[in-house]
Every structure is written in C-alpha cells, then in structure tokens.
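Notes follow the structure.
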Amino acid sequence: MTAQRPTAKPARPFFSSGPCAKPPGYSLDKLATASLGRSHRAKIGKDRLGLAINLMREVLELPDTHRIGIVPGSDTGAFEMAMWTMLGARPVTTLAWESFGEGWVTDAVKQLKLEPTVIRADYGQLPDLDKVDWSNDVLFTWNGTTSGVRVPDGEWIPADREGLSFADATSAVFAYDIPWDKIDVATFSWQKVLGGEGAHGVIILGPRAVERLENYTPAWPLPKVFRLMAKGKLAEGVFKGETINTPSMLAVEDAIFALEWAKSIGGLAGLKARCTANAHALDKIVAERDWLGHLAHDSGIRSHTSVCLTVEGADADFIKKFAGLLEKEDAAYDIAGYRDAPAGLRVWCGATVETADIEALGPWLDWAYAELTA
C-alpha cells in the first residue's frame with residue numbers, strides 16, 4: 001500500500017542551512033538603493049557599510065568595547081583571519097565536536113604548526129568544558145552547525161582568563177544571548193540566522209584581542225586579506241566600513257534589509273523567540289515519532305537553529321533517498337545531514353523560517369519514511 005501524501009504542503013520550503021532562507025516579505029525591489037553599482041570607497045558605499053556595522057551592533061546588543069569588521073571569505077575567512085593574526089603568542093586549546101571545529105584543529109596543527117591541546121567529543125555531545133585550561137588561547141564553535149550541539153552559556157569561560165576566547169559563532173549570533181564580556185573574538189556570516197547572502201564574514205574583536213594584535217606579530221606571513229594592522233596600529237578603518245577588499249554592495253544591502261527586518265520584529269529578542277519557537281515545534285514532531293530522535297540527546301546543549309535528527313535504521317543512502325523524495329515534492333529542501341556527520345536529517349530552524357512550516361513538516365516526514373520502509 002502506498003503511503004498518502006499530506007494534503008497541505010508547507011507554505012515555504014525548509015533549508016538545512018541559511019543561505020536561501022529569506023525573511024518574510026523579502027523583495028529584491030527593496031534593494032534598489034543608490035549604493036548599487038557605486039564604489040565601496042565612495043562616500044555612499046562607506047556610509048552603507050557603516051550602516052550595516054551599526055545595525056549589527058544594535059541588533060546584537062554589542063557593547064562599545066567590541067569592534068565589528070566586514071571581511072572576506074564568509075565565517076571561514078573571518079575565523080582564519082583571527083587564527084592567522086593572533087595565535088602563536090600563547091599555547092592553544094582547540095575544542096571539536098563537529099566538522100567545523102575539526103577544521104580549526106586542522107588549521108592549527110597542519111597549517112600553523114602550533115601543536116595545540118585538542119579536546120574532542122562525538123557528534124551529539126560536548127566535551128567536559130570544565131577541563132579547559134584558560135591560560136591557553138581557546139578555539140570553539142558556539143553552535144555546532146553540523147552536529148546540532150551548542151555550548152549552554154558562557155559560564156564556563158572565566159572572567160580572569162589569561163588566554164583569548166575565539167568563538168566561531170556563525171549559527172549562534174542572533175539566536176542566543178552571547179555574553180560579550182566572555183568573548184574576545186567572534187566570527188559569523190550573514191547567511192545563517194539573518195538569512196542573508198554569503199561571501200562576506202564578520203569579525204568581532206574585544207579589547208583583549210585588539211591588545212594582542214597591537215603587541216604581537218606572528219611568525220608566519222599574512223595574506224593581504226588577513227591584515228588588520230597598518231603601520232604598527234590597528235587598521236581602524238576596517239571597523240568603520242573601509243573593507244580590506246572589494247565587497248558586494250548587493251550582499252551588503254541584503255544584510256541591511258535583514259537587519260532592518262530584525263529590528264521590526266523586536267530585535268534580538270524577536271529573533272531568539274522565533275528560533276526557539278521553531279526548535280520547540282520540531283521537538284514536538286520528534287517526540288511524537290518513535291523512529292525519529294535528536295542527535296543531541298541533552299536538550300540543554302541542543303541547537304535552536306541547526307537541529308540534527310537521527311532516523312531509525314537509516315544509513316547515508318537511505319537519507320539521500322529520503323531527502324530526495326521531499327525535494328521532489330517541493331516539501332523540504334537540503335535536509336540531509338552534513339556529509340561528515342552520522343547519517344540523519346538536519347532541519348534549519350532559524351529566525352527566517354515560519355513556525356507553521358516546521359509544524360507542517362511532520363506529515364511529510366511520515367510520508368517519506370513510509371515510502372522507503374514499505
């Protein structure tokens with residue numbers, strides 16, 4: 001017997017990652033501003049880049065002690081910029097519980113030859129954060145995009161730390177409260193919770209990170225796109241919209257649109273509420289099905305944005321077919337788990353997704369599972 005398709009499809013598709021998940025009411029017409037087609041070095045270009053920085057500060061509720069810069073290469077470029085320019089002054093500890101954290105381990109070990117202390121945990125779990133030696137510089141992902149695991153808060157980061165805290169926060173910012181007094185370096189990109197375009201990264205520097213930059217010169221050469229120092233001083237222009245290389249002003253306008261939308265729904269509180277509501281709606285779907293589970297069993301460390309699910313008896317081939325069925329029906333896109341993660345599903349619950357669409361996903365999951373297990 002063939003399983004019946006649900007009678008109502010989700011009003012909007014699902015995304016396992018943020019690049020295509022636009023805020024409600026998104027319209028390219030709203031991007032038609034005078035900055036498009038102009039140089040980023042013209043006054044209007046600098047003004048728009050500065051506006052994007054100011055809006056990020058406002059929505060993130062970032063204190064004046066921290067600087068914001070728009071840099072090349074998405075979150076990856078921003079985090080590698082931080083590693084290449086600041087590591088080497090102290091011993092290093094790297095935490096890895098998913099694929100991107102492992103990427104920073106690879107950079108530290110194979111590229112920078114730093115011989116870091118590596119603390120790992122399996123997908124779905126966190127390492128013992130109390131064992132971190134904060135006399136070291138410490139690298140970690142706040143929200144593991146490929147594992148669905150996040151740090152619970154910043155309580156494990158001491159105020160009197162000797163080393164710097166480096167947080168890859170790309171799918172965490174705008175979704176959680178980040179204790180900025182505990183963060184020396186944070187990086188992210190616009191295409192996650194804001195649903196913006198990729199290509200550009202954002203780096204946030206606290207005063208201790210700036211002090212490191214001004215008092216330490218790494219032993220290795222730095223590519224031009226990583227250089228935050230000029231004539232022995234911090235290149236302050238980078239943090240006012242004078243980007244190191246040429247940005248896409250279309251992507252900048254897209255980010256401005258998303259940030260203004262965020263303000264219209266209540267700013268950070270509104271964004272967090274939407275992420276939390278979506279995650280709770282997905283929790284309910286999982287709880288009602290004995291063949292579905294969370295990769296992160298502990299709800300206290302479970303992501304509210306990139307939620308990773310297990311499917312009973314599934315291997316990579318099953319998940320590929322499962323995701324393919326849903327995509328063919330225009331019911332859900334790109335929900336197969338990350339290639340390096342255990343076979344399963346990954347559902348994006350960021351702020352640009354409507355909770356009603358998460359709720360509508362349940363019957364489609366039932367249908368696809370029945371089709372493949374009949």
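Summary table
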quantity	calculated
Unmet criterion (only one of (1) within 23 Å of SER147 (Cβ to Cβ); (2) of a type outside the set (Ser, Thr, Tyr); (3) within 24 Å of the chain's Cα centre (by Cα)) for PHE322	(3)
Complete set of residues in region 214-261 that are touching a His at 6+ places or on another chain (Cβ under 7 Å), of a type outside the set (A, V, I, L, M, F, W, C) and surrounded by 17 or more Cβ atoms within 10 Å (Cβ to Cβ)	THR243, PRO247
Single residue of region 282-302 satisfying the filter (among the hydrophobic types (A, V, I, L, M, F, W, C) and more than 25 Å from the chain's Cα centre (by Cα)) that is nearest to ALA169 (Cα to Cα)	ALA287
Near pairs, Cβ below 9 angstrom, 6+ apart or cross-chain, from region 268-291 (of a type in the set (Asp, Glu)) to any residue that is assigned to a helix (DSSP H, G or I)	ASP283/SER299; GLU288/GLY362
Options THR305, THR276, THR352: the member that is within 18 Å of the chain's Cα centre (by Cα), over 25 Å from ASP122 (Cα atoms) and surrounded by 14 or more Cβ atoms within 10 Å (Cβ to Cβ)	THR352
Of the criteria (1) of a type in the set (A, V, I, L, M); (2) touching a strand residue (DSSP E or B) at 6+ places or on another chain (Cβ under 6 Å); (3) under 29 Å from VAL149 (Cβ atoms), which one LEU259 fails	(2)
Residues of region 167-181 satisfying the condition of being surrounded by fewer than 24 Cβ atoms within 10 Å (Cβ to Cβ) and either part of a loop (DSSP other than H, G, I, E, B) or under 9 Å from the mean Cα position of the chain (by Cα) (or both)	ASP177, ILE178, PRO179
Subset of region 182-213 [surrounded by 13 or more Cβ atoms within 10 Å (Cβ to Cβ) and part of a helix (DSSP H, G or I)]	LYS182, ARG208, ALA209, VAL210, GLU211, ARG212, LEU213
In region 148-166, residue nearest to VAL210 (Cα to Cα) [restricted to those that are aliphatic (A, V, I, L, M) and more than 16 Å from the chain's Cα centre (by Cα)]	LEU164
Residues of region 186-245 that turn out to be at pLDDT 95 or above, among the polar types (S, T, N, Q) and within 14 Å of ILE53 (Cα to Cα), as a count	2
One residue from LYS224, LYS231, LYS328 being touching a residue at least 12 places away in the same chain (Cβ under 8 Å) and basic (Lys, Arg)	LYS224
Condition broken by GLU102, with the remaining ones in (1) farther than 19 Å from ARG212 by Cβ; (2) surrounded by fewer than 16 Cβ atoms within 10 Å (Cβ to Cβ); (3) in contact with an Asp or Glu (Cβ under 9 Å, 6 or more places away or on another chain) satisfied	(2)
The one condition in (1) farther than 28 Å from SER99 by Cα; (2) touching a Cys at 6+ places or on another chain (Cβ under 7 Å) that GLU359 fails to fulfil	(2)
Hits in region 67-94 (condition: farther than 19 Å from ALA235 by Cβ and hydroxyl-bearing (Ser, Thr, Tyr))	SER74, THR76, THR93, THR94
Wholly enclosed helices (runs of 4 or more DSSP H) of region 36-155 bearing at least 3 residues in contact (Cβ under 8 Å) with a residue 12 or more places away in the chain and over 28 Å from ILE335 (Cα atoms)	43-60, 74-86
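Residue by residue, here is whether (1) on the phi < 0 side of the Ramachandran plot; (2) of a type in the set (S, T, N, Q); (3) in a helix (DSSP H, G or I) holds:
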| residue | (1), (2), (3) |
| --- | --- |
| ALA273 | yes, no, yes |
| HIS297 | yes, no, no |
| THR310 | yes, yes, no |
| ILE319 | yes, no, yes |
| TYR333 | yes, no, no |
| ASP340 | yes, no, no |
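The values are calculated or read from the model by the stated rules, or taken from the named source; none is laboratory data. The shown structure was predicted, so the numbers you read here are calculated from the model rather than taken from an experiment. Ideal geometry is used to build each Cβ from the backbone, glycine not excepted, and the neighbour counts take in all protein chains shown.
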